[in-house]
Amino acid sequence: MQPAFKQEPASVPLEAPKAAAEFSSPDLYINRELSWIEFNAKVMEEAEDPSNRLLEKVKFLSITSSNFDEFFMIRVAGVKRQVAAGVEERGPDGLTPTEQFARISAKAHGLVGRGYKLWERELVPGLSAEGIEIVSREGLEREERQALRKAFSDQVFPILTPLAIDPGHPFPHLLNLSLNLAVSLERAGKPLLAVVQVPNVLSRLVPVPSGKSGRRFFLLEDLIAVHVNELFPGVKVRAVAPFRVTRDSDIDIAEAEAEDLLETIEKELREREWGRAVRLEVPQGAPTELVEFLISAMGLSEEDVYRVDGPIDFTFLREIANLPGTEHLKDPPHVPVVPPRFARPAALFDEIRRGDILLHHPYESFSPVIDFINRAADDPQVLAIKQTLYRTGGGDSPIVHALERAALNKKQVTALVELKARFDEANNIIWARALEEAGVHVVYGLIGLKTHGKITLVVRREEGVLRRYVHLATGNYNPGTARGYTDLGLLTANPAITDDASDLFNFLTGYSTEPAWQRFMCAPMGLEDNLIRLIEAETENARAGKPARIIAQMNALARTRVIRALYAASQAGVEIDLIVRGICMLRPGIPG
């Protein structure tokens with residue numbers, strides 16, 4: 001079996017398992033959280049790859065940082081909750097939550113340190129050679145300091161609010177992922193503490209007005225730190241250190257008890273900003289007394305502190321990666337191909353009737369999917385459109401606007417908007433309300449489940465009969481991510497698939513029992529069982545001496561039953577190739 005990234009070998013040499021029922025040794029499974037860190041290490045490898053162009057490396061380092069933010073907000077937060085609750089149950093990998101956290105911490109610290117070494121040793125010199133610099137105060141000339149002081153006074157100072165910390169002013173509950181300055185002060189010989197939040201409404205890259213060639217920037221937090229004494233007139237500033245806090249941001253909703261799911265999720269989104277702290281990032285040289293105070297104030301331990309040798313939070317590097325005039329430092333833009341069958345958009349329904357169309361994004365354009373929904377919205381012969389929406393992206397979504405237009409054109413339009421799409425909840429609430437105002441019938445999914453299926457059903461009158469068309473896909477109805485993520489989409493008028501699509505929407509929006517599917521496999525009502533049956537069929541083929549092969553592509557492989565079935569198939573002689581994008585708990589390469 002070949003994973004999409006390198007996995008750790010088993011901790012000890014293993015004997016070949018005797019039967020599927022015996023696949024219970026912890027050495028057969030990789031911890032899912034540690035596997036995720038290996039996945040992010042693969043992203044880091046793209047930043048380190050010498051064959052990649054400079055700003056591609058910068059972009060991948062930014063992605064690594066963003067990935068870690070979500071990992072701590074959701075996965076690490078969940079493990080820490082288990083540790084706090086005293087859970088000692090061991091997972092398939094044999095680790096308790098306490099043991100998991102210790103290993104997560106060690107690996108995460110190592111990977112973060114690796115990113116900062118890359119930044120300091122390779123990316124900073126590379127950017128400087130191209131005239132792109134993040135300068136320190138020592139690197140500024142007198143005229144530049146004066147220009148930055150004016151920029152601080154005019155554009156930054158009016159926004160700032162110093163927050164004193166004393167018995168009358170308890171430690172502020174700082175927003176999740178907010179960048180702040182801890183300030184050590186002294187007045188009349190008495191030590192004082194304060195916090196200044198770095199405003200996220202401003203870019204962290206402050207241009208340095210300079211006669212020098214190239215692009216030179218000063219970090220916003222450094223600009224504030226240099227002039228922080230102006231926020232505390234008459235008080236001596238002893239030390240300043242930037243810091244960033246990451247909070248538990250998982251949303252836990254008792255859906256069965258929620259009278260209005262939309263309002264409940266809105267409330268949870270507001271509370272997400274105030275979850276329990278799970279990580280503290282500080283500079284390597286931050287004063288010990290400030291760091292110890294922050295650890296205590298946030299209820300953290302030393303393991304939760306990430307001391308970094310460089311700017312805190314590399315997500316701002318996206319701004320550098322997107323600087324105009326730097327095209328020579330990036331990969332040439334990819335231009336997706338429009339398949340020849342879409343040369344005449346007006347004949348789109350005719351083409352789908354002529355035969356199924358499989359689209360492979362981003363190599364093939366997402367525009368046929370948008371055209372399909374736009375055509376359905378405007379075609380007077382289309383009577384109904386039903387669609388699931390998981391992520392549509394921010395800004396103007398052409399998909400959402402097409403559904404609104406369809407409703408205004410008096411078509412029956414139903415949109416199943418998944419409000420629980422992680423970190424897109426706020427976007428989806430906005431779209432849901434806009435769709436409802438346009439006359440779309442909006443449904444919010446099933447209690448206790450997330451609707452991940454990406455499917456559109458169009459009902460059209462043709463020569464006196466109703467014909468149905470379906471778009472079925474991985475990915476999302478988001479034209480932005482469709483330019484960067486690899487996904488498959490199927491446009492079809494196959495009756496077996498269109499029947500299943502109709503049954504699925506009735507199941508999702510009404511009270512019907514599970515249909516007798518013709519082609520679909522749906523979780524949680526049998527997808528896993530059906531996959532295992534397919535794996536076992538190949539296992540029996542191998543045992544009977546017949547050709548036996550499994551090729552599977554997936555986002556994650558974390559179901560123990562499926563992993564055991566794959567082990568049994570491999571042991572029987574089935575040739576297996578796994579293409580796993582992220583988490584993979586199966587350990588490849590075990591003898592036997």
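The values are calculated or read from the model by the stated rules, or taken from the named source; none is laboratory data. If you're wondering where the values come from, they're calculated on a predicted model, not measured in any experiment. Ideal geometry is used to build each Cβ from the backbone, glycine not excepted, and the neighbour counts take in all protein chains shown. Please note that ligands, DNA and RNA were not included when accessible areas were found on the heavy atoms of the full protein model with its side chains. Shrake-Rupley method; radii C 1.70, N 1.55, O 1.52, S 1.80 Å.
Seen against the Cα atoms of the chain and their longest principal axis, helix 97-118 is set at about 70 degrees. Between the residues 513, 479, 92, the greatest Cα displacement towards the positive end of the dipole of the chain, with unit charges on the Cβ of Lys, Arg, Asp and Glu, is found for 479. Based on the Stokes-Einstein relation at 10 °C and a viscosity of 1.306 mPa s, and on the Kirkwood radius from alpha carbon pairs, segment 290-371 is assigned a translational diffusion coefficient of 87 µm²/s. Which one is right for this structure if P(r) over Cα pairs in 20 Å bins from 0, in percent is calculated from it: (i) 16, 42, 30, 11, 1; (ii) 15, 29, 28, 17, 9, 3, 0; (iii) 16, 45, 33, 6, 0? Read-out from the structure maps to (iii). Each Lys or Arg adds one and each Asp or Glu takes one away; over the other residues whose Cβ falls under 11 Å from the Cβ of residue 549, this sums to -2. Separation of segment 449-473 and segment 22-55, taken as the distance between their Cα centroids, equals 38 angstrom. Here residue 521 sits with roughly 80 square angstrom of accessible surface, probe radius 1.4 Å. Using alpha carbon centroids, what distance separates segment 499-534 and segment 175-203, in Å? Distance between centres, Cα-based: 54 Å. Here the 3J(HN,Hα) profile of segment 562-570, calculated from phi with Karplus coefficients 6.51, -1.76 and 1.60 at θ = phi - 60°, is 5, 4, 4, 5, 5, 4, 5, 5, 4 Hz, Gly and Pro shown as x.
Take every DSSP beta bridge whose two residues both sit in the chain; close to 70 percent of them are antiparallel. When the Kirkwood radius is taken over all Cα pairs of segment 113-255, what Stokes-Einstein diffusion coefficient follows at 10 °C and 1.306 mPa s, in µm²/s? Rounded to a whole number, D works out at 91 µm²/s. Out of every Cα-Cα pair that segment 438-592 contains, those further apart than 27 angstrom amount to 40 percent. Only one residue of 337, 167, 237 has its Cα farthest out toward the positive end of the dipole of the chain, where Lys and Arg carry +1 and Asp and Glu -1 on Cβ, and that residue is 337. Derived scalar couplings between HN and Hα for segment 233-250 equal x, x, 10, 7, 8, 8, 7, 9, 9, x, 8, 9, 10, 10, 10, 4, 10, 6 Hz in order, rounded to whole Hz, by the Karplus curve 6.51 cos²θ - 1.76 cosθ + 1.60 (θ = phi - 60°), x for Gly and Pro. Derived scalar couplings between HN and Hα for segment 457-472 equal 10, 10, 10, 10, 8, 9, 6, x, 10, 9, 10, 10, 10, 10, 10, 10 Hz in order, rounded to whole Hz, by the Karplus curve 6.51 cos²θ - 1.76 cosθ + 1.60 (θ = phi - 60°), x for Gly and Pro.
Taking amide H positions as modeled 1.01 Å from N, with prolines and chain starts lacking one, no residue 5 or more places away or on another chain lies under 5 Å from residue 31. Annotation: amide H of residue 278 within the under-5 Å range of 246, 247, 248, sequence separation 5 or more or interchain, hydrogens built in the peptide plane. Placing 227, 334 in order of accessible area, with the largest value first and a 1.4 Å probe, yields 334, 227. Just so you know, the Rg over Rh for segment 497-558 is 1.10, from Cα atoms, with Rh as the Kirkwood radius.
Exceedance of the 24 Å cut-off in Cα-Cα distance is limited, within the set 330/454; 150/236; 411/454; 57/80; 80/107; 42/330, to 330/454; 57/80. Taking the Cα centre of the chain as reference, the dipole from Cβ charges on Lys and Arg (+1) and Asp and Glu (-1) amounts to some 780 debye.
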